[in-house]
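Q: Have a look at this one.
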Amino acid sequence: MEKENLLDFNFWPSFADMMLCLVLILIVLLFIIIAGLTANTVNLEVVNNNQIEIINSIASSYGVKPVKTAGNTYGLSTTGTGVNDIIIRNEPTMQRIIFTDHILFNSDEYYINPQGQEALSIVGQSLLQKLDLLSEIQIQGHADTNPSRRFSSNMQLASMRAVAVFEYMKNQVGIDPAENMMSATSFGEFKPVQREDGGLEYNETKLLEDNDSEQKRQSNRRIELLLIYKVSDEQPTTP
């Protein structure tokens, strides 16, 4: 009798029990996914709020109001003439601060002029308040296709300008690359404003088309500061 009862005992859970366990597991996984997406959304909102704070801080230092030009792009006229000398573009986890062709350097020069020193100091002071939110600062030098009169290539000119901005941010503003990752690089004439990041279809013909007018060439002569934000559950907020 005891042997018979032992053989009749079912060691395996019933089909209903297995289905119930599976449903519970799926519910837990769904909860984790939703929680992760919610946390990421909150972080992106925090990033956007801090991006707007940087824009307003720079504009306030110049005593002007930022003008929304398109989408998430804002222009600042530092001289009050209505010409946007600084253009700031907000992206989900990155912010581009674009210094136009005349604000930092004189033509074919890499020494930062007085107007440029003021601009970098103002922008730099705004960045100092947000360094704990940034994972990286990239300084990019860009040029048009017109050959430099002083340098062997526009790659060299744009490189020296990017390094000059790097040194100013390091030595005058006080951003320490040992603590806050900051780099300088040059794209020369090979990345006009019309060329998108990661664009695969591009060639010499398109490069010439993107520089076939003075207006296009003027917009291509620029320095870009790329602020790459941290996005994590522990991202701090500012008051």
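The values are calculated or read from the model by the stated rules, or taken from the named source; none is laboratory data. Small disclaimer: the values here were computed from a predicted structure and weren't measured. Surface areas here come from the heavy atoms of the whole protein model, side chains and all, with no ligands, DNA or RNA. Shrake-Rupley method; radii C 1.70, N 1.55, O 1.52, S 1.80 Å.
Q: At a probe size of 1.4 Å, how large is the accessible area of residue 181, to the nearest 10 Å²?
A: Residue 181 exposes around 120 Å² with every protein chain in place.
Q: Go through 222, 149, 89 and list them by solvent-accessible area, largest first, probe radius 1.4 Å.
A: Numbers: 222 15, 149 185, 89 85 Å².
Order by accessible area, largest first: 149, 89, 222.
Q: Could you pull the accessible area for residue 219 with a 1.4 Å probe, rounded to 10 Å²?
A: In the full protein context, residue 219 sits at about 50 Å².
Q: Region 91-239: D in µm²/s via Stokes-Einstein (Kirkwood Rh, Cα pairs, 37 °C, 0.692 mPa s)?
A: D = 203 µm²/s.
Q: Per residue, how large is the accessible surface of region 131-221? Use a 1.4 angstrom probe and give square angstrom. Write out the running numbers ahead of the final one.
A: Details: 5050 Å² over 91 residues.
On a per-residue basis, 56 Å².
Q: Mind grabbing the accessible area of residue 204 for me, 1.4 Å probe, Å², rounded to tens?
A: Rounded to the nearest 10, that gives 110 Å².
Q: On the accessible surface of region 88-239, probed at 1.4 Å, how many percent belong to carbon and sulfur atoms?
A: Numbers: 3730 of 7670 Å².
Looking at region 88-239 in its full context, I get 49 percent from C and S.
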